[in-house]
């Protein structure tokens, strides 16, 4: 009920992917939060995807304005799962490039450019390297995605549409709830209908770097990477 309350609250109703935990965690430490949730979340019962609902006008992941989907992932109670910290094997399929661990339980993999009828998501689920992890993010550029937490948030959570970009090797319908197996593959690649990625001009970066310490003399750190997008983090007691 707490998660549904958040999704119905003012500006928070624009949230696309909501992580919920009952632990008191520093939400600014995203890696720690994500690991905590993945150690507890059963994808068969704790992942909820709401399809064909109203979505933020600025969200470009669907081909229809103001329509899309939302997801809630709950990581509650005691730890239930051990998380892999190293790839268990090399990627066998030549269409996949580099792989890198972003956090325990989370593997990021370079994939080929997205196209209609693409089967890369299911092929990745067949990889031994992927099966050891709970969350596998299929991206266009591993290094860009894993550069820091802000880059991961931006790449993963602004570029997926939950109802179309979450994949599992097995799924079943239980009391009208879709239960998914682990691991989950999130297809975070840029799709043809997405707008081009905005790149700041070098002279703009130079000006901001020069002005930042003057404006924020109190020691505020200049954020690295792009600002995070449509993801909310919640700690509920």
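The values are calculated or read from the model by the stated rules, or taken from the named source; none is laboratory data. Remember, predicted model here, so these are calculated numbers, not experimental data. Cβ placement follows ideal geometry from the backbone for every residue including glycine, while neighbour counts extend to all protein chains displayed.
Points worth noting:
- Test: residue in the range 164-187 that is assigned to a helix (DSSP H, G or I), under 16 Å from the mean Cα position of the chain (by Cα) and on the phi < 0 side of the Ramachandran plot: yes
- The condition of being surrounded by fewer than 17 Cβ atoms within 10 Å (Cβ to Cβ) and more than 15 Å from the chain's Cα centre (by Cα) holds for only one of 83, 76, 7, that being 76.
- Residue-level check: of (1) surrounded by fewer than 19 Cβ atoms within 10 Å (Cβ to Cβ); (2) under 26 Å from residue 59 (Cα atoms); (3) under 19 Å from the mean Cα position of the chain (by Cα), residue 131 misses just (2).
- Screening the candidates 187, 110 for the property of being in contact (Cβ under 8 Å) with a residue 60 or more places away in the chain and touching a helix residue (DSSP H, G or I) at 6+ places or on another chain (Cβ under 6 Å) yields one hit, 187.
- Considering the conditions (1) touching a residue at least 24 places away in the same chain (Cβ under 8 Å); (2) in contact with a strand residue (DSSP E or B) (Cβ under 7 Å, 6 or more places away or on another chain), residue 171 is excluded by exactly one of them, (1).
- Look at the range 115-133: where a residue is assigned to a loop (DSSP other than H, G, I, E, B) and a partner is at pLDDT 95 or above and buried (at least 17 other Cβ atoms within 10 Å of the Cβ), sitting 6+ places away or on another chain with Cβ atoms under 7 Å, you get 127/91; 132/84; 133/84; 133/105; 133/106; 133/107; 133/183.
- Some residue of the range 10-22 being out of contact with any helix residue (DSSP H, G or I) (no Cβ under 9 Å at 6 or more places or on another chain), over 26 Å from residue 108 (Cβ atoms), surrounded by fewer than 14 Cβ atoms within 10 Å (Cβ to Cβ) and at pLDDT below 95: yes
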